[in-house]
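Encoded as structure tokens, the structure appears first; notes follow it.
Here, each number is a calculation from the coordinates, and none is a lab measurement. Everything numeric here is computed off the predicted structure, so don't read it as measured data. Cβ placement follows ideal geometry from the backbone for every residue including glycine, while neighbour counts extend to all protein chains displayed.
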Amino acid sequence: MPDSPVVAVALSGGIDSLVTGFLIKQRFKKVFGIHFTTGYETSLPDVSALASIFGFPVHTIDLSREFETRVVDYFISTYMAGKTPNPCLVCNLQIKFKKLFEHAQTLGADLMATGHYATVVNRYTCTREEIIQAWLERGADFTKDQSYFLSMLSPKILENLVFPLADFTKHQVRQLAGQHDLVPVVPNESQDICFLPDKNHWAFINAKTKIFPKPGPVVDSQGKTVGSHQGLHKFTVGQRKGINIPGPAPYYVKKIDIKTNTLHICFKSDLAQKRMAVEQIVWNYPEKENLKHIEVQIRSAHKAATAGLDWDDDTSGIVTFETPQNAITPGQAAVFYQENRVLGAGLISATQ
């Protein structure tokens, strides 16, 4: 890596990316911007305005084909398999930090900077000589922390990344933007899935696949059929709304059995479970054995809970929580932490 690396800044046009561009331009001598399109945009930012703001070139990269095959197809196939996908995590892994960075490299970039609220520890953020490989930590603003969605990035990817907002809160980012007249060139940034503006994932799947829902039985925790559903891909584990079956207390989705087309439901008191199987684990910590008291986060809004990890092989294992956790959802990521450091992450394959 050269002493004066070329840095590509991913610019969406929102406030986080603008402040990122501002901070990177202050820190590095050779900078350019990159903006990518997915094919699902309802409006596009004025890239020339972005270039004017920063005084460096901004390249637009069309990643619509890759986004369709690597994110949208994954989203659909995961739901059709009876699991709940995590498209933002897959987009980070397959699009932003793979395909986008590959394009940035062809334009001369050594590093890539983004406006994520997370901390990457590598040669550009820490001078400690004992760093052998890069790792990820939570950002300073725990309310905005995005390490969960970045948790499956490998050390090889992390060593080329810069996250300038790592030590900032969202409030501080807004203040900095105001002080330097950094005005977003896109509407307010959405927290929803970018290709589902109306949040109607089943209508989206039907339109894409032309496969329409198949009715099936709804079974309670006693094994009794208490009604019928109109398609399993309308549901996710832990869901309450949309079951539409009366009972002495609200029902929640406990399990989706795609093989028998059965929706299993239960009361909230029966929703928690202690064990889950995790696969496709990307591990980024020297120790793998005897990890009995790590913190495991099973969805982005979940408060990480203490658990142990027993390995089956190099990329899969069984997680046992000290306290049962509600709505453990196959398809979602399980992220392993030690204090703020991400030890690794994988995908939940089943509950036990």
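By DSSP, the beta bridges lying fully in the chain are antiparallel in about 70 percent of cases. Relative contact order of the range 6-179, taken over Cα pairs closer than 8 Å and 6 or more residues apart, is 24 percent. Relative contact order for the chain: 15 percent, from Cα pairs under 8 Å spaced at least 6 residues apart, divided by residue count. For the peptides 136-149, 22-35, residues were scored by their other Cβ atoms within 10 Å and the scores averaged per peptide; the highest-first order is 136-149, 22-35. What you get for the range 219-302, charging only the Cβ of Lys and Arg (+1) and of Asp and Glu (-1), is a dipole of about 280 debye around the Cα centre.
Across the options I245, T323, G346, the greatest Cα extent toward the positive end of the charge dipole of the chain (unit charges at beta carbon of Lys, Arg, Asp, Glu) belongs to I245.
Per residue Cα convex hull volume for the range 273-351, in cubic angstrom?
Cα convex hull per residue, to the nearest whole number: 78 Å³.
For K292 and S269, the FRET efficiency from 1/(1 + (r/R0)^6), where r spans their Cβ atoms and R0 equals 25 Å, is about 0.35. By the count of neighbouring beta-carbon atoms within 10 Å, fewest first, M112, M276 end up ordered M112, M276.
When each of the peptides 71-81, 197-207 is scored by the mean number of other C-beta atoms lying within 10 Å of its residues, the order from highest to lowest reads 71-81, 197-207.
Taking the inverse of the mean 1/r over every pair of distinct Cα atoms in the range 24-136 gives a Kirkwood hydrodynamic radius of 16.3 Å. Sorting the segments 41-48, 8-15, 159-166, 211-218 by their residues' average number of neighbouring beta-carbon atoms within 10 angstrom, most packed first, yields 8-15, 159-166, 211-218, 41-48. The simple spin-label model puts a point 7 Å past each Cα toward its Cβ; for D110 and K241 those points are separated by 5.0 nm.
Between amide H atoms placed 1.01 Å from N, distances below 5 Å from K30 occur with V7, all of them 5 or more places distant or on a separate chain. By the scheme Lys and Arg +1, Asp and Glu -1, what is the net charge of all other residues having a beta-carbon under 13 Å from that of A203? In short, +3. As a length-normalised measure over Cα pairs under 8 Å and 6 or more apart, the relative contact order of the range 213-270 settles at 35 percent.
Determine the calculated [θ] at 222 nm for the chain from helices alone, applying -39500 (n - 2.57) to every DSSP H run no shorter than 4 residues and normalising by the residue count; nearest 500 deg cm²/dmol.
Values: 10 runs with 72 residues, N = 352.
About -5000 deg cm²/dmol.
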